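Quick notes on the structure that follows.
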Amino acid sequence: MSHVKSSVQTGSKRRIIICAGTGCVSSGALKVHGALLKKLSERNMDIDVKLAPESQNLHLSKSGCQGFCQMGPLVTVLPDNILYCKVTTSDVDDIVEQTILKGEVVQRLTYLDPATNKHCTSYDEIPFYTRQTRFVLKECGWIDPESLNEYIATGGYGGAIKAFLEMTPEEICREVIASGLRGRGGGGFPTGRKWEIARMQPAEKKYVICNGDEGDPGAFMNRSVMEGNPHAVIEGLMIAARAIGSDEVYVYVRAEYPLAVKRMNMAVEDAEAAGILGNNIFGTGKRMKCTILPSAGAFVCGEETAMLASIEGLRGTPVPKPPFPAQCGLRGKPTIINNVETLAQIPRILLAGAQSFKKMGTPASPGTKTFALTGHVVNTGLIEVPFGTTLREIVFSIGGGVTTDEGTPTDGMFKAVQVGGPSGGCLPPELLDMPLDFDSLLSAGAMVGSGGLVVMNQQTCMVSVARFFMEFTQRESCGKCVLCREGTRQLLVLLDDVIEGRATLQTLDIMELLAKSIKLGSLCGLGKTAPNAVLSTLKYFRAEFESHVVDKQCPTGQCSLLTKPDRVTA
Ligand SMILES: Cc1cc2nc3c(=O)[nH]c(=O)nc-3n(C[C@H](O)[C@H](O)[C@H](O)COP(=O)(O)O)c2cc1C
Ligand code: SF4
Ligand code: FES
């Protein structure tokens, strides 16, 4: 096993990895892969496209997202530890002739750090990577997600073997409780406690479901894990099932993620063929069935009770809790629902131990969290940081600072960051040094949510931002509760009044009152969090609202029906 492991990670054998996550594929990664294959064959090089431990041939493989999507397609050469960015088919000759055959770096393809104007040859030199802690994403972007052998070679399924052969369900729950792991799907509920509730239910039949719906606009953390390391999700599900006494698990994957659906299905088939899933897992005589379900295509179906209805073939609308799914879930049976990232953390926690996991993050929010970093920021992409990292570190060190609308890096232009997707809140520069964790964000009027992080520059109109997010949640309301259905509609009308110059100061008070009422009078998390964008912008950017209302002026000049200031703040 160990020699396989080394050839996957660094080893002495040459390896070219082409990022084949959705971002890189859409910018031409598969064409680059094809061109590399052709060129290497023309040069009569022996190539393995699948892991072949004993072979000394060059290994050409595809990986999941490496995070630095805006620099894609990315090509990595190991063990030289070279990263090439924005590679096109016309660069392939140079990569083969210079790097593969002569061991030289093609400098024009390396990352040029805008802060220092220096070329960075490897990941270890690029601030976007050096400031991160990649725990759940550790293998994402390195291993071939379509190869079970590669997953096993990096220790994969070791956690499940431990859970099935060495631990009792009580011990697994105890370990996960001790780790302090909190759900990464938005609510931050302690995972081990949820499992313990399901374990204690006397039912014969129980289920575990992985929530891979990820409907937030701009979020792609869960997609990247399912595309880049699908076996980790299956392994997490198996451990959860063992912990509660279930033999049937599901992955509910957003239907608009065809690559994730494909890779999850492939992973299930390979695991079944290897006896990891099926009727005699790890030779224990125990059964485990895993089914991949494409989602119903509505944001609200990510809410757990709506998801259960959708899986049962009913219309996906939330129902009141209790009973909680852990007590009475799918088909009336105790059901654990966990997010993709939550489950992908589990195998490592079991292998490394709860105490080692708790060393990362903060006491109340242990571990790491992935975020989709987007907006007016130099480096956009998928990042992973320990809880407790400040927004300043993320925006300025990992993100490389703020840009203009045109993408040019610029100083002193930071205005806000929207954390937690459409249900999250917009935070101002004064909160840049706030540590990012479940509780601090909630107290600031935002939330970790699924992990969307949108950076905004001074050219952004905060009233329009509130309207943008409000429009999304209003459209996605299932319509069951009056306050969510009608109240969000009314909030939009009031926001339009502000943007189009009809509002008075009283409009702002009515908006605030209505927003608070929607939170109170809504059944599920969608309605309870929908007004966050309005409330947080009113709290931190009230002067900008007042400018629209009193001076009939949009300080950024974006609202076309209002006057522009003499000099736009940009
Ligand atoms: C409108 C709405 C959409 C949601 N979408 C998702 C989603 O896409 N993925 C997810 O894991 N949780 C989502 N949730 C949260 C789930 O209801 C549930 O809390 C979560 O899947 C539990 O997993 P965790 O404990 O691992 O966080 C959503 C909640 C609401 C209210
Ligand atoms: S709060 Fe909104 S989305 Fe949730 S059940 Fe009520 S109407 Fe539906
Ligand atoms: S898809 Fe290639 S880096 Fe994200």
**Report entry** Lone qualifier among T473, T403, T389 - being within 16 Å of ligand 1 (Cβ to nearest atom) and outside the structural domain of A296 (by the TED database)
**Finding:** T473
**Report entry** Extreme residue, most open to solvent (accessible area, probe 1.4 Å), among residues of the range 468-487 that are of a type in the set (A, V, I, L, M) and closer than 15 Å to T529 by Cβ
**Finding:** L483
Report task. For the range 11-20, indicate whether the set of residues that are more than 16 Å from ligand 2 (Cβ to nearest atom), of a type in the set (S, T, Y), modelled with pLDDT under 95 and in contact with a Pro (Cβ under 7 Å, 6 or more places away or on another chain) is non-empty. Result -> yes
Report task. Identify all residues within the range 309-324 that are closer than 15 Å to L523 by Cβ and open to solvent by less than 40 Å² (accessible area, probe 1.4 Å); write none if there are none. Result -> A309, G316, T317, P318
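If you check T537 against the conditions, is it touching a residue at least 40 places away in the same chain (Cβ under 8 Å), within 21 Å of T460 (Cβ to Cβ) and not charged (D, E, K, R)?
So T537 fits the description; yes.
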Query raised in the report: Is it the case that some residue within the range 348-358 is in the same structural domain as G186 (by the TED database), open to solvent by 10 Å² or more (accessible area, probe 1.4 Å) and within 19 Å of the chain's Cα centre (by Cα)?
Result: yes
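Pick out the one residue from K62, K38 that is in a helix (DSSP H, G or I) and open to solvent by 10 Å² or more (accessible area, probe 1.4 Å).
K38
Among the residues of the range 67-124 satisfying the criterion of being among the charged types (D, E, K, R) and farther than 25 Å from D46 by Cβ, which is farthest from ligand 3 (Cβ to nearest atom)?
Of everything passing the filter in the range 67-124, K118 is farthest from ligand 3 (Cβ to nearest atom).
Quick check on A530: is it open to solvent by less than 50 Å² (accessible area, probe 1.4 Å) and either assigned by the TED database to the domain that holds G183 or closer than 30 Å to G188 by Cβ (or both)?
Taking the combined requirement at face value, the residue satisfies it.
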Requested in this report: Spot the failing condition for K50; the list is (1) open to solvent by 50 Å² or more (accessible area, probe 1.4 Å); (2) in contact (Cβ under 8 Å) with a residue 60 or more places away in the chain; (3) touching a His at 6+ places or on another chain (Cβ under 8 Å), and only one is missed.
Outcome: (3)
Requested in this report: Determine, yes or no, whether Q56 is at pLDDT below 95, surrounded by fewer than 16 Cβ atoms within 10 Å (Cβ to Cβ) and not basic (K, R).
Outcome: yes
Report summary line: Exactly one of V465, V455 is in the same structural domain as F541 (by the TED database) and either buried (at least 24 other Cβ atoms within 10 Å of the Cβ) or not hydroxyl-bearing (S, T, Y) (or both), and that one is V465
Requested in this report: Please verify whether the range 436-449 includes one or more residues that are more than 23 Å from the chain's Cα centre (by Cα), surrounded by fewer than 20 Cβ atoms within 10 Å (Cβ to Cβ) and in contact (Cβ under 8 Å) with a residue 12 or more places away in the chain.
Outcome: no
**Report entry** Qualifying position, being open to solvent by 30 Å² or more (accessible area, probe 1.4 Å), more than 16 Å from ligand 2 (Cβ to nearest atom) and either in contact with a Leu (Cβ under 9 Å, 6 or more places away or on another chain) or in a helix (DSSP H, G or I) (or both), among Q490, Q506
**Finding:** Q506
Query raised in the report: Quick one: which strands (runs of 3 or more DSSP E) sit completely within the range 67-175 and have at least 1 residues that are open to solvent by 10 Å² or more (accessible area, probe 1.4 Å) and assigned by the TED database to the domain that holds G21?
Result: 111-113, 118-120
Query raised in the report: Given the structure, is Q418 more than 29 Å from G156 (Cα to Cα) and assigned to a strand (DSSP E or B)?
Result: yes
Query raised in the report: Just for the range 462-487: of the residues that are free of Cβ contacts under 8 Å to residues at least 24 places away in the same chain and of a type in the set (D, E), which one is farthest from ligand 2 (Cβ to nearest atom)?
Result: E471
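The values are calculated or read from the model by the stated rules, or taken from the named source; none is laboratory data. Since the structure is predicted, the reported quantities are computational estimates derived from the model, not experimental observations. Note: ideal-geometry Cβ built from the backbone for every residue, glycine included; neighbour counts use all protein chains shown. We work out accessible area using only protein heavy atoms, side chains counted, and drop any ligands, DNA or RNA first. Shrake-Rupley method; radii C 1.70, N 1.55, O 1.52, S 1.80 Å.
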